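A quick write-up on the structure given underneath.
The values are calculated or read from the model by the stated rules, or taken from the named source; none is laboratory data. Treat the numbers as computed from the prediction; the structure is a model and nothing was measured. So basically every Cβ, Gly included, is an ideal-geometry build from the backbone, and we count neighbours across all protein chains shown. Calculation scope for accessible area: heavy atoms of the full protein, side chains included, ligands and nucleic acids excluded. Shrake-Rupley method; radii C 1.70, N 1.55, O 1.52, S 1.80 Å.
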Amino acid sequence: MSDQQQQVDPEQLAEAIKGMSDDELKESIKAMGIDTTLDQIFQGMQEAFVPAKAAGVNSALQYDIDTEEGAKTYSVQIADGACKTAKGAATDPRLTLKLNLVDFVRLIFGQADGTQLFMTGKMKLQGDMMFAMQMQGMFQQPGS
(Lines give C-alpha, C1' and ligand atoms only; values in the text may rest on other atoms or scores of the structure.)
Protein backbone atom coordinates (compact mmCIF):
# COMPACT_ATOMS: atom_id res chain seq x y z
CA MET A 1 0.00 0.00 0.00
CA SER A 2 1.48 3.32 -1.02
CA ASP A 3 1.72 6.32 1.26
CA GLN A 4 -0.61 8.19 -1.11
CA GLN A 5 -3.52 5.86 -0.40
CA GLN A 6 -5.52 7.25 2.47
CA GLN A 7 -6.63 5.15 5.39
CA VAL A 8 -10.37 5.17 5.89
CA ASP A 9 -11.80 5.40 9.39
CA PRO A 10 -13.94 2.26 9.89
CA GLU A 11 -16.63 4.14 11.84
CA GLN A 12 -16.96 6.79 9.12
CA LEU A 13 -17.02 4.15 6.40
CA ALA A 14 -19.71 2.14 8.21
CA GLU A 15 -21.87 5.26 8.43
CA ALA A 16 -21.22 6.24 4.80
CA ILE A 17 -22.21 2.89 3.31
CA LYS A 18 -25.48 2.63 5.28
CA GLY A 19 -27.33 4.79 2.79
CA MET A 20 -25.72 3.38 -0.35
CA SER A 21 -27.42 1.02 -2.75
CA ASP A 22 -25.49 -2.12 -3.69
CA ASP A 23 -24.55 -0.53 -7.04
CA GLU A 24 -23.33 2.66 -5.34
CA LEU A 25 -21.29 0.61 -2.87
CA LYS A 26 -19.77 -1.46 -5.68
CA GLU A 27 -18.81 1.72 -7.59
CA SER A 28 -17.31 3.31 -4.45
CA ILE A 29 -15.20 0.22 -3.82
CA LYS A 30 -14.06 0.22 -7.44
CA ALA A 31 -13.10 3.89 -7.16
CA MET A 32 -11.04 3.23 -4.01
CA GLY A 33 -9.55 0.09 -5.53
CA ILE A 34 -10.83 -3.38 -4.74
CA ASP A 35 -7.50 -4.66 -3.43
CA THR A 36 -6.91 -1.50 -1.38
CA THR A 37 -10.38 -1.74 0.13
CA LEU A 38 -10.03 -5.42 1.00
CA ASP A 39 -6.52 -4.92 2.41
CA GLN A 40 -7.82 -2.17 4.69
CA ILE A 41 -10.83 -4.22 5.79
CA PHE A 42 -8.67 -7.20 6.72
CA GLN A 43 -6.17 -4.93 8.50
CA GLY A 44 -9.13 -3.50 10.39
CA MET A 45 -10.24 -7.00 11.37
CA GLN A 46 -6.93 -7.46 13.19
CA GLU A 47 -7.55 -4.21 15.05
CA ALA A 48 -11.21 -5.09 15.79
CA PHE A 49 -10.32 -8.50 17.20
CA VAL A 50 -11.49 -9.07 20.80
CA PRO A 51 -9.05 -11.61 22.32
CA ALA A 52 -11.23 -12.29 25.37
CA LYS A 53 -13.97 -13.63 23.06
CA ALA A 54 -11.54 -16.06 21.41
CA ALA A 55 -10.08 -17.79 24.46
CA GLY A 56 -8.80 -21.23 23.52
CA VAL A 57 -9.44 -20.75 19.79
CA ASN A 58 -6.69 -21.85 17.43
CA SER A 59 -8.24 -21.82 13.98
CA ALA A 60 -7.83 -20.55 10.45
CA LEU A 61 -10.63 -18.98 8.40
CA GLN A 62 -10.69 -18.31 4.72
CA TYR A 63 -12.73 -15.75 2.81
CA ASP A 64 -13.29 -16.24 -0.92
CA ILE A 65 -14.71 -12.94 -2.17
CA ASP A 66 -16.19 -12.71 -5.64
CA THR A 67 -15.32 -9.42 -7.37
CA GLU A 68 -15.42 -8.04 -10.91
CA GLU A 69 -11.69 -8.77 -11.02
CA GLY A 70 -12.24 -12.42 -10.07
CA ALA A 71 -12.10 -14.17 -6.73
CA LYS A 72 -10.00 -12.58 -3.97
CA THR A 73 -8.90 -14.91 -1.19
CA TYR A 74 -7.84 -13.85 2.31
CA SER A 75 -7.03 -15.84 5.40
CA VAL A 76 -7.57 -15.07 9.06
CA GLN A 77 -5.52 -16.96 11.67
CA ILE A 78 -6.76 -16.83 15.25
CA ALA A 79 -4.34 -18.30 17.77
CA ASP A 80 -2.97 -17.54 21.24
CA GLY A 81 -5.24 -14.53 21.70
CA ALA A 82 -4.13 -12.88 18.46
CA CYS A 83 -5.58 -12.40 14.99
CA LYS A 84 -3.44 -12.24 11.87
CA THR A 85 -4.83 -11.66 8.39
CA ALA A 86 -3.13 -12.23 5.04
CA LYS A 87 -3.81 -12.34 1.32
CA GLY A 88 -4.09 -15.86 0.02
CA ALA A 89 -5.56 -19.17 1.08
CA ALA A 90 -5.44 -20.48 4.63
CA THR A 91 -3.70 -23.73 5.40
CA ASP A 92 -6.38 -26.21 6.48
CA PRO A 93 -9.14 -23.64 7.24
CA ARG A 94 -11.69 -24.58 9.87
CA LEU A 95 -14.23 -22.53 7.93
CA THR A 96 -14.36 -21.03 4.43
CA LEU A 97 -16.85 -18.29 3.63
CA LYS A 98 -17.70 -17.54 0.00
CA LEU A 99 -19.66 -14.42 -0.91
CA ASN A 100 -19.66 -11.44 -3.24
CA LEU A 101 -17.83 -8.21 -2.51
CA VAL A 102 -20.88 -6.08 -1.61
CA ASP A 103 -22.33 -8.72 0.73
CA PHE A 104 -18.90 -9.17 2.34
CA VAL A 105 -18.54 -5.44 3.04
CA ARG A 106 -22.07 -5.23 4.43
CA LEU A 107 -21.43 -8.31 6.61
CA ILE A 108 -18.19 -6.89 8.03
CA PHE A 109 -19.81 -3.53 8.77
CA GLY A 110 -22.82 -5.08 10.49
CA GLN A 111 -25.26 -4.15 7.74
CA ALA A 112 -25.99 -7.70 6.65
CA ASP A 113 -26.84 -10.69 8.80
CA GLY A 114 -24.62 -13.73 8.23
CA THR A 115 -27.46 -16.17 8.91
CA GLN A 116 -29.70 -14.36 6.42
CA LEU A 117 -26.94 -14.32 3.78
CA PHE A 118 -26.44 -18.05 4.29
CA MET A 119 -30.15 -18.91 4.26
CA THR A 120 -30.72 -16.97 1.03
CA GLY A 121 -27.73 -18.58 -0.69
CA LYS A 122 -25.72 -15.34 -0.87
CA MET A 123 -23.02 -16.78 1.38
CA LYS A 124 -21.73 -20.32 1.21
CA LEU A 125 -19.97 -21.93 4.16
CA GLN A 126 -17.62 -24.86 3.99
CA GLY A 127 -16.36 -26.51 7.16
CA ASP A 128 -17.42 -25.96 10.77
CA MET A 129 -20.68 -24.00 10.49
CA MET A 130 -21.03 -23.69 14.26
CA PHE A 131 -17.71 -21.87 14.28
CA ALA A 132 -19.26 -19.24 11.98
CA MET A 133 -21.66 -18.31 14.78
CA GLN A 134 -18.88 -18.30 17.39
CA MET A 135 -16.50 -16.13 15.38
CA GLN A 136 -19.03 -13.31 14.90
CA GLY A 137 -18.51 -12.25 18.52
CA MET A 138 -14.73 -12.21 18.17
CA PHE A 139 -14.71 -8.88 16.31
CA GLN A 140 -16.01 -5.45 17.29
CA GLN A 141 -18.05 -4.27 14.31
CA PRO A 142 -17.47 -0.71 13.09
CA GLY A 143 -20.47 1.48 13.69
CA SER A 144 -21.77 -0.64 16.56
Label point 7 Å beyond Cα of LYS124 along Cβ direction - residues of the range 60-75 with amide nitrogen under 20 Å: 61-75
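Could you work out the relative contact order of the chain, using alpha carbon pairs under 8 angstrom and six or more residues apart, expressed as a whole percent? List each step's numbers first, then the result.
Values: 200 pairs, mean separation 34.8, N = 144.
So the answer I get is 24 percent.
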Shape call for the range 43-126 from the C-alpha gyration tensor, a ≥ b ≥ c root eigenvalues: rounded (a/c under 1.5), prolate (a/b greater than b/c) or oblate? prolate
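Could you check how much of the accessible area of the range 4-144 is carbon and sulfur, as a whole percent, using a 1.4 Å probe? Each step should come with its number before you reach the end.
On the way: 3800 of 7670 Å².
Using a 1.4 Å probe with all protein chains present, the range 4-144 comes out at 50 percent carbon and sulfur.
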Rounded to two decimals, what ratio of Rg to Rh does the range 24-80 give with C-alpha atoms and a Kirkwood Rh? 1.06
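State the extension gain, in nm to one decimal, for the chain segment bounded by MET133 and SER21, taking 0.36 nm per residue of separation less the distance between their alpha-carbons.
Values: separation 112, 0.36 × 112 = 40.32 nm, distance 2.67 nm.
Difference between extended and current length: 37.6 nm.
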Send over a whole-number figure in Å² for the accessible area per residue of the chain, probe 1.4 Å. 56 Å²
